[in-house]
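Participant: Encoded as structure tokens, here's the structure I'll be asking about.
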Amino acid sequence: MSGYCDDARITAFGLLLEAHAALTASVGRDLEAETGLPLTWFEVLLRLAGSPERHLRMSDLASEIVLSTSGLTRVIDRMEEAGLVTRQACPVDRRVLHAVLTDAGAEAVEKALPSHTASIQKHLVDPLGTDRVNQLAADLRILRDGSDRELVTPP
């Protein structure tokens, strides 16, 4: 097995996974401590707030936040109980459900945004600097757009 661990490609991929885990944990911890929102909930709210008419197909939302459809269903169940989202049947295809941002959900994401931004500043921008973060974002878009989104979403 000698030599495999010295491969720069394997090292880079491993570092990407480790950095993702560390940043997700740090930013998630900060967000939940300051706002009470788990990071996954915030990501759902943020995606819905930025979508046309504040709703998305459940399957599209699951893909965007990299959750299985059953995992997203459980998250939406809890968020619906909290009054942050609702489900709405698609008027064109009754088999399709949309997650819809409520006014309370829009207010929650608006209130949480400054805390989330401050945490990203602390854990990502301050260590790397703005120019490197901008380059990182450009590089990550290339990787994301070149990947098969169906393969990215867990089963």
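Participant: Can you work out the Karplus-derived ³J(HN,Hα) for every residue in the range 35-44? Use 6.51 cos²θ - 1.76 cosθ + 1.60 with θ = phi - 60°, whole Hz, and x for glycine or proline.
Facilitator: Coupling constants for the range 35-44: 10, x, 8, x, 4, 4, 4, 4, 4, 4 Hz.
Participant: Dividing the alpha-carbon radius of gyration of the range 1-88 by 2.2 N^0.38 Å (N being the number of residues), what value is obtained?
Facilitator: Normalised Rg, Cα atoms only: 1.40.
Participant: Can you tell me which of Ser51, Ser115, Ser59 moves the most in a GNM of the chain? Springs connect C-alpha atoms under 10 Å apart.
Facilitator: Ser51
Participant: Also: What net charge is computed for the residues neighbouring Asn134, neighbours being all others with C-beta under 15 Å from the C-beta of Asn134, Lys and Arg scored +1, Asp and Glu -1?
Facilitator: On the way: positive: Arg132, Arg141; negative: Asp126, Asp131, Asp139.
Within the 15 Å Cβ shell, the charges total -1.
Participant: Rounded to two decimal places and with Rh computed the Kirkwood way over Cα pairs, what is Rg over Rh for the chain?
Facilitator: For the chain, the value is 1.02.
Participant: Over the range 67-121, what lengths in whole Å, largest first, do the semi-axes of the equivalent ellipsoid take, defined as the square roots of 5 times the eigenvalues of the alpha-carbon gyration tensor?
Facilitator: Ellipsoid half-lengths, sorted descending, are 25, 13, 10 Å.
Participant: Given the DSSP H assignment, sum -39500 (n - 2.57) over each helix run of at least 4 residues in the chain and divide by its residue total; what's the result at 222 nm in deg cm²/dmol, nearest 500?
Facilitator: Details: 7 runs with 98 residues, N = 155.
Estimated from H runs of four or more residues: -20500 deg cm²/dmol.
Participant: Under the Karplus relation 6.51 cos²θ - 1.76 cosθ + 1.60, θ = phi - 60°, what is the ordered set of whole-Hz ³J(HN,Hα) values for the range 126-135, x standing for Gly and Pro?
Facilitator: Karplus values, whole Hz, x for Gly and Pro: 4, x, 9, x, 4, 4, 5, 5, 4, 5.
Participant: Once you place label points 7 Å from the Cα toward the Cβ at Arg95 and Ala49, how far apart are they in nm?
Facilitator: 3.4
Participant: Further question: Which cross-chain or sequence-distant (5 or more) residues have an amide H under 5 Å from the amide H of Val85, H modelled 1.01 Å from N in plane?
Facilitator: HN-HN under 5 Å from Val85: Glu80, Thr102.
Each reported figure results from applying straightforward, stated rules to the coordinates on display, with no laboratory input. Fair warning: this is a prediction, and the values are worked out from it, not measured in the lab. Every residue, glycine among them, receives a Cβ derived from its backbone with ideal geometry; neighbour counts consider all protein chains shown.
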